[in-house]
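Inspection log for the structure reproduced underneath, given as structure tokens.
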């Protein structure tokens, strides 16, 4: 009886576990001139995205960028939501590691975002279309996410708890509260994802207060580690939206940016492409998972 009830609740809750932009059955995405950059960034499976960010460059164009862990390409660069080109695996890894190093040792990378994005654009190879083939590990990862989802912890406790009606009632009540909290989390995340570079700081603050902050001489980093996002704000305007949270990673998990024998002194906006050792083989890239959490 209890096991049947647990299975039923699990099925009901899992029907709402998929995160915005997630398509766990997709194994490939075709990107061409008709594709919308922001939509492509959202469609890339969580486990296949090393990082994603959006900003406005010095010419006033919207820039969207996504780096991958498991495709034939390192990353895609979009200009005004249109595909601009591809970035090599080597360059996406250096770009990622060097900005993590800069955030950990100097100041948050987005303070120099205009310089970083100019150099990344220079490293981009223009293309008109690409096919992104994913490894297929996303389905297994999704199963792991369901298994570790804190919303389901109460459901798991139903199994083997006995037939005490009061215990079952209390557990179900807790499960319902957790489910409401989870739906609220997803609604907040969707509102954050709808923000565009150029939106006002007050618009972001009205959605949810920052979980952590870093004040700079010319702006502020509004960090949301549980949502895996950072927003760099300058003059009351959102300049850069970064995912995952480089603020959190650079302070708590800086080892994720490590590359053996890296020339860290070259990790500067216009020198970073020379920072990687020439014999780098890229094998550790497959171990990079930007979002090691069940919530995104």
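So the values come out like this:
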quantity	calculated
Residues being more than 15 Å from residue 118 (Cα to Cα) and surrounded by fewer than 23 Cβ atoms within 10 Å (Cβ to Cβ) - total across segment 81-92	5
Top-ranked residue in segment 32-60 [being assigned to a loop (DSSP other than H, G, I, E, B) and in contact with a helix residue (DSSP H, G or I) (Cβ under 6 Å, 6 or more places away or on another chain); ranked as surrounded by the fewest Cβ atoms within 10 Å (Cβ to Cβ)]	58
Which numbered condition residue 218 misses (of (1) surrounded by fewer than 12 Cβ atoms within 10 Å (Cβ to Cβ); (2) modelled with pLDDT under 95; (3) out of contact with any strand residue (DSSP E or B) (no Cβ under 7 Å at 6 or more places or on another chain))	(3)
Which listed residue is within 17 Å of residue 195 (Cβ to Cβ), assigned by TED's automatic domain parsing to the domain that holds residue 256 and modelled with pLDDT under 95, from 42, 49	42
Number of the condition not met by residue 196 [criteria: (1) at pLDDT 90 or above; (2) out of contact with any helix residue (DSSP H, G or I) (no Cβ under 7 Å at 6 or more places or on another chain); (3) outside any loop (DSSP other than H, G, I, E, B)]	(3)
Number of positions in segment 230-274 that are crowded, with 20+ Cβ neighbours inside 10 Å and part of a loop (DSSP other than H, G, I, E, B)	4
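The values are calculated or read from the model by the stated rules, or taken from the named source; none is laboratory data. Treat the numbers as computed from the prediction; the structure is a model and nothing was measured. Neighbour counts run over all protein chains shown; Cβ positions are idealised from the backbone, glycine included.
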